[in-house]
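Since the structure comes first, as structure tokens, the remarks are kept for the end.
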Amino acid sequence: MDLSTLKPAEGSTKNGKRIGRGQGSGRGGTSTKGHKGAQSRSGYSRKKGFEGGQMPLQRRIPKGGFKNINRVELASINLDVLQRLAETKGLTVINHETMVANHLVGKREYYKILGRGVLTAKLEVSAHGFSETAKKAIEEKGGSTTLITIY
């Protein structure tokens with residue numbers, strides 16, 4: 001056996017169609033592209049979602065939804081987080097600076113105090129929002145709530 005005599009098995013390979021090589025080849029003229037139309041032209045590429053001229057699905061279905069560009073996103077901080085912060089750091093005043101310093105919110109982030117957990121410390125809390133249960137729990141312990149205006 002010699003490497004120069006190796007050939008693929010009989011019938012395992014086929015020659016490709018030689019398109020556009022004259023009338024005698026049987027595939028000359030329009031070169032299997034039919035007559036006229038976009039697909040016969042050079043540089044043609046079908047757009048994504050094209051359905052042969054029928055109105056495409058993404059244009060048949062109505063638009064929906066609404067994104068409010070003026071929406072204010074509020075981070076939520078619960079009472080149990082404030083209690084843990086007061087115990088570990090020995091704080092009585094919690095404001096935006098202490099929240100940022102303890103990595104609970106970002107410097108430009110707004111936050112709202114929510115009522116999950118038990119509060120035992122007397123705290124002066126400043127926030128951009130309070131739930132009714134949180135405000136009630138803070139004021140029951142003799143603390144105070146101050147609302148920071150967003151705008």
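Coordinate-derived values only; no laboratory data. Predicted model, so just to flag it, every value in this text is computed and none were measured. Counting neighbours? That spans all protein chains shown, and the Cβs are built from the backbone with ideal geometry, glycine included.
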Task: the chain shape via C-alpha gyration tensor axes, a/c threshold 1.5 - done: prolate
- [ ] Give the calculated FRET efficiency between Thr92 and Phe66 to the nearest 0.05, with a Förster radius of 35 Å applied to their Cβ-Cβ distance.
- [x] 0.20
- [ ] Taking only Cα atoms and a 10 Å spring cutoff, compute GNM fluctuations for the chain and point out the largest among Lys107, Lys48, Lys135.
- [x] Lys48
- [ ] Give the shape of the range 74-147 as rounded, prolate or oblate, defined through the alpha-carbon gyration tensor: a ≥ b ≥ c are the square roots of its eigenvalues, a/c under 1.5 means rounded, and otherwise the shape is prolate if a/b is larger than b/c and oblate if not.
- [x] oblate
TODO: Report the FRET efficiency, 1/(1 + (r/R0)^6), for Thr5 and Thr32, where r is their Cβ-Cβ distance and R0 is 30 Å, rounded to 0.05.
DONE: 0.25
Open item on the list: Compute a Gaussian network model of the chain, connecting alpha carbons closer than 10 Å, and tell me which residue from Gly16, Gly29, Gly64 fluctuates the most.
Closed with: Gly16
Open item on the list: Tell me which GluC sites (Glu not before Pro) from the range 1-109 have a DSSP coil assignment and no more than 10 other beta carbons within 10 Å of their own.
Closed with: Glu10, Glu73
TODO: Pop out the ³J(HN,Hα) list for the range 94-104 in order, Karplus 6.51 cos²θ - 1.76 cosθ + 1.60 with θ = phi - 60°, rounded to Hz; leave Gly and Pro as x.
DONE: 10, 10, 4, 5, 5, 5, 5, 4, 9, 6, 8
- [ ] Output the antiparallel fraction of DSSP beta bridges having both residues in the chain, as a percent to the nearest 5.
- [x] 5
TODO: Would you mind checking which residues have amide H under 5 Å from Glu124's amide H? H placed 1.01 Å from N; only 5 or more apart, or other chain.
DONE: Val93, Ile94, Ser144
